[in-house]
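Colleague: I'd like to ask some things about the structure below.
The values are calculated or read from the model by the stated rules, or taken from the named source; none is laboratory data. Computed from a prediction, not measured in an experiment: that's the story for all the values here. Reconstructed Cβ throughout: ideal geometry from the backbone, glycine too, with neighbour counts over all protein chains shown. For accessibility, only protein heavy atoms count, side chains too; no ligands or nucleic acids. Shrake-Rupley method; radii C 1.70, N 1.55, O 1.52, S 1.80 Å.
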Amino acid sequence: MKKHGLTAPAGFLASGVSAGIKDSGSKDLGMISCPEGAKAAGVFTTNAVVSAAVEVCRENLACARCFGVVVNSGNANACTGKKGLSDARSMCREAGKALKAEESSILAASTGIIGQHLPMQKVRCGIKASADSLSQSQKAGRDFAESILTTDTAAKQYSETVRLSGKDVTIAGAIKGAGMIAPNMATTLCFLTTDVAISKTLLQRALKEAAGESLNKLTVDGHQSTNDTALILASGKAGNAGINKAGSQDYKKFLKTLLSVCRNLTRQMALDAEGASKIFKVAVSGAASKKDARKAARAVANYDLVKCAVNGSDPNWGRIICAIGSCGAKVNVDNITCRLDRLTVFRGGRPVKFDKKRAEEIVSQKEHTISIDLGAGSSSDFCWGCDLSKKYVEINADYHT
């Protein structure tokens, strides 16, 4: 049976335990171990306010070989000052001791409530328990995926294999995120493992490119977290010829597969977004520039009135056009066209007669696509969004310090 967790690629162990950080008793501390070391790359939030874990992780990514990752949920360790920074370093130090590795070769991440100090005694005990539980099993990968959740309702994992220079290379990922998600750099917490042999420079390039076309294309509520982190570890144990050139066929195939994995994980996040019952893709074409296409797609996906209409299965194209007109992108009003899946509801700057019942059926689906041609050029882009429900308000009204 094919494994889908982080242990699917060769060279990795994983675990997830309950350290008591969460009052619920759910799993809240996870580890990834690469006993023989791995090259590592990462992208992070562009929020000016970042968690202590983000600061420490950025520093430690300079290591030539990474030997592990330690992650806690239930506490963001953000806005916690010097003590928070000391605690994040302590997490790496304790994990390093358990894995017999240098503190600087361990990466860290945190997620949860902002403004609270980590309960370090519980964290230390959790790190020891997690280290003792490390395994190559599929269950271990799932335990890790469960340990990083906050308001998510389900663990999210995926893997794919690609043939490179005659060898099977596997890429696997685990992701969490249901709210505070906006398309800017990495969104949420995402952990990827692969057994590909690749240079550290190209690994970083591939992650940035893949995140830009997947993780960065989802908006749940237009809000970016202080803790957003995406990491990839490459053990090099697949035995493929090392990838050292960005123009090589192996690099292109690796990047394509990495993007596919990241998009699958992103879609899983969208389907599990806070209070969401539906997701939709906004595909913009005919833009004057790539920047305008991106701006227009995000504007529609973020527009609360559009999100509410989707929640109510209302094919209210007027709200879509309103979002487009107010986003600052160049538009040719007389040439704008809008479709719900393949059903045209607005063409040439004017409404058209369409089957309203069919339109309602489209918007009531679990997934549908809003296609918009701005009539101003030849550039295009897209963004995923989700509906806005009463449940979203309930979740965030109850999620407090």
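Colleague: Taking amide H positions as placed in the peptide plane 1.01 Å from N, state which residues far from GLY286 in sequence (5 or more) or on other chains have amide H under 5 Å from it.
Modeller: Residues meeting the amide H criterion: LEU374, SER379.
Colleague: While we're here: Keeping every protein chain in place, order HIS368, HIS117, HIS4 by accessible area at 1.4 Å, biggest value first, i.e. largest first.
Modeller: Working: HIS368 10, HIS117 95, HIS4 75 Å².
Ranked from most to least accessible, the order is HIS117, HIS4, HIS368.
Colleague: Ok, one more. Tally Lys and Arg at +1 and Asp and Glu at -1 over the other residues with C-beta under 12 Å from the C-beta of GLY236: what net charge comes out?
Modeller: Working: positive: LYS39, ARG65, LYS167, LYS200, LYS237; negative: GLU36, ASP195.
Net of charged neighbours comes to +3.
Colleague: Moving on. Of LYS366/LYS391; LYS39/LYS278; LYS278/LYS357; LYS139/LYS176; LYS22/LYS176; LYS256/LYS307, which sit over 27 Å apart, Cα to Cα?
Modeller: Numbers: LYS366/LYS391 17 Å; LYS39/LYS278 37 Å; LYS278/LYS357 18 Å; LYS139/LYS176 17 Å; LYS22/LYS176 16 Å; LYS256/LYS307 31 Å.
Distance filter (> 27 Å) returns LYS39/LYS278; LYS256/LYS307.
Colleague: Okay, moving on. If you stretched the chain out fully between ASP314 and SER289, how much longer would it get, using 0.36 nm times the residue separation minus the C-alpha to C-alpha distance? Provide the component values of the computation, followed by the final result.
Modeller: Values: separation 25, 0.36 × 25 = 9.00 nm, distance 3.03 nm.
Gain on extension, ASP314 to SER289, equals 6.0 nm.
Colleague: Could I ask something else about it? How far apart, in nm, are two points set 7 Å out from the Cα along the Cα-to-Cβ line at SER137 and at LYS100?
Modeller: In this crude spin-label approximation the distance works out to 2.3 nm.
Colleague: Using the Karplus equation 6.51 cos²θ - 1.76 cosθ + 1.60 (θ = phi - 60°), what ³J(HN,Hα) coupling, rounded to whole Hz, does each residue of region 289-294 give in order, writing x for Gly and Pro?
Modeller: Karplus values, whole Hz, x for Gly and Pro: 7, 4, 4, 5, 5, 5.
Colleague: Just for the chain, what percent of DSSP beta bridges are antiparallel, to the closest 5? It would help to have the intermediate numbers written out before the result.
Modeller: Working: 51 of 74 bridges.
Of the beta bridges lying entirely in the chain, close to 70 percent run antiparallel.
Colleague: Still on this structure, I have one more. So how long is each side of region 2-70 along the principal axes, counting just the alpha-carbon atoms, biggest first, in Å?
Modeller: Principal-axis extents of the Cα atoms in region 2-70, largest first: 39, 37, 19 Å.
Colleague: Still on this model: Determine, from the Cβ-Cβ distance of ARG358 and ALA129 and an R0 of 60 Å, the FRET efficiency 1/(1 + (r/R0)^6), rounded to the nearest 0.05. Before the final figure, lay out each step's value.
Modeller: Details: r = 55 Å, r/R0 = 0.92.
After rounding, the FRET efficiency stands at 0.60.
Colleague: Here's another thing I want to ask about it. How do TYR303, TYR251 rank by accessible surface area computed with a 1.4 Å probe, from largest to smallest?
Modeller: Numbers: TYR303 60, TYR251 5 Å².
In descending accessible area the options line up as TYR303, TYR251.
Colleague: Show that you can apply the helix-only estimate: for the chain, add -39,500 (n - 2.57) for every DSSP H stretch of four or more residues, divide by all residues, and state [θ] at 222 nm to the nearest 500.
Modeller: Numbers: 11 runs with 135 residues, N = 401.
Helix contribution divided over all residues of the chain: -10500 deg cm²/dmol.
Colleague: Taking amide H positions as placed in the peptide plane 1.01 Å from N, state which residues far from GLN116 in sequence (5 or more) or on other chains have amide H under 5 Å from it.
Modeller: Placed amide hydrogens put ALA76, ASN77, ALA78 under 5 Å from GLN116.
Colleague: Could you give the dipole magnitude of region 84-184 about its Cα centre, charging the beta-carbon of Lys and Arg +1 and that of Asp and Glu -1, in debye to the nearest 20?
Modeller: Details: 13 positive and 10 negative charges, 30 e Å.
Charge dipole, region 84-184, about its Cα centre: 140 debye, nearest 20.
Colleague: What share of the DSSP beta bridges in region 279-398 is antiparallel, in percent to the nearest 5? Can you show the working numbers first?
Modeller: Numbers: 16 of 23 bridges.
Bridges in region 279-398 that DSSP calls antiparallel: roughly 70 percent.
Colleague: Can you give me the accessible area per residue for region 279-398, using a 1.4 Å probe, in Å²?
Modeller: Details: 5910 Å² over 120 residues.
Roughly 49 Å² per residue, with all protein chains present.
Colleague: Excluding ALA210 itself, what net charge comes from residues whose Cβ is under 10 Å from its Cβ, given Lys and Arg +1 and Asp and Glu -1? Each step should come with its number before you reach the end.
Modeller: Details: positive: ARG205, LYS208, LYS256, ARG263; negative: GLU209, GLU213.
Net local charge, ALA210 excluded: +2.
Colleague: Let me ask you something else. Any idea of the accessible area per residue across region 13-271, 1.4 Å probe, to the nearest Å²?
Modeller: Numbers: 9240 Å² over 259 residues.
Result: 36 Å² of accessible area for each residue.
Colleague: Can you give the net charge of the other residues whose Cβ lies under 15 Å from the Cβ of GLY286, counting K and R as +1 and D and E as -1?
Modeller: On the way: positive: LYS290, LYS291, ARG294, LYS295, LYS330, ARG339, ARG347; negative: ASP292, ASP334, ASP373, ASP381.
Net charge in that neighbourhood comes out at +3.
Colleague: Output wanted: per-residue J couplings in Hz (rounded whole) for region 132-139, from phi through Karplus 6.51 cos²θ - 1.76 cosθ + 1.60, θ = phi - 60°, x for Gly and Pro.
Modeller: Coupling constants for region 132-139: 5, 9, 4, 7, 8, 5, 5, 4 Hz.
Colleague: From the phi of every residue in region 322-338, what ³J(HN,Hα) in whole Hz does the Karplus formula 6.51 cos²θ - 1.76 cosθ + 1.60 yield, where θ is phi - 60° and glycine or proline is x?
Modeller: 4, 4, 4, x, 9, 8, x, 6, 6, 10, 9, 3, 6, 10, 5, 10, 9
Colleague: Need one number for region 67-119: average projected area of the convex hull over its C-alpha atoms, nm². Don't jump to the answer; show the numbers that get you there.
Modeller: Values: hull surface 12.9 nm².
Directional mean of the projected Cα hull area for region 67-119 stands at 3.2 nm².
Colleague: I'd like the carbon and sulfur percentage of the solvent accessible area for the chain, probe radius 1.4 Å, heavy atoms only, ligands and nucleic acids excluded.
Modeller: Working: 7990 of 16180 Å².
In the chain, the share of accessible area belonging to carbon and sulfur is 49 percent.
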